[in-house]
1. Name the residues in the stretch 87-114 that are closer than 14 Å to Gly49 by Cβ and hydrophobic (A, V, I, L, M, F, W, C), would you?
2. Looking only at the stretch 77-86, filter to residues that are closer than 19 Å to Lys51 by Cα and not aliphatic (A, V, I, L, M); which one of those is surrounded by the most Cβ atoms within 10 Å (Cβ to Cβ)?
3. Out of all the residues in the stretch 93-110, which are touching a residue at least 40 places away in the same chain (Cβ under 8 Å) and small (Gly, Ala, Ser)?
4. With respect to the numbered conditions (1) part of a helix (DSSP H, G or I); (2) of a type in the set (S, T, N, Q); (3) under 17 Å from Gly32 (Cβ atoms), which one is the sole condition not fulfilled by Thr99?
5. Can you find, within the stretch 42-70, the residue that is nearest to the chain's Cα centre (by Cα) among those that are hydrophobic (A, V, I, L, M, F, W, C) and more than 20 Å from Ser8 (Cα to Cα)?
6. From the list Ile92, Ile77, Ile39, which one is over 13 Å from the mean Cα position of the chain (by Cα) and either within 22 Å of Thr14 (Cα to Cα) or basic (Lys, Arg) (or both)?
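Every read-out reported here was derived from the displayed coordinates using simple, explicitly stated rules and does not represent laboratory data. Computed from a predicted model, the values in this text were never measured in an experiment. Reconstructed Cβ throughout: ideal geometry from the backbone, glycine too, with neighbour counts over all protein chains shown.
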Amino acid sequence: METTREKSVQIAKTIQQQLMAGNGKIKVWSWGANSWSVIPFGITLKVQGFKFKGIVNITLQPNDTYKIELIKNKKVIAEFTEVYFDEMTNLIDEKIEYTGPNYENDVNNAIYKL
């Protein structure tokens, strides 16, 4: 019989694969994603996105969708429920990195201001 820990590890691996699928790998890299860890029924990672820097928790829900939490200073500042696997990467990217049609210009301006 599979333990909760074993199940959580498998879920975390699946989430990571789903985030990286297709062109998702480029988006995940743009977040500065690091410190990936297994949490009960999910995964947590640190991000340094253009719009958000903090923790992202992703957990599998009983209805086979995901709950995504953005956490800053140990407080949940945004929560998204009933997110399907194929929506996950774009939703996170929109909340922590992508600024819209002027994204490339925004990033270039931020780089040159350093």
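1. Correct list: Leu91, Ile92, Ile96, Val107, Ala110.
2. In this case the residue turns out to be Phe80.
3. Result: Ala110, single match.
4. Result: Thr99 fails condition (1) only.
5. Val47
6. Ile39
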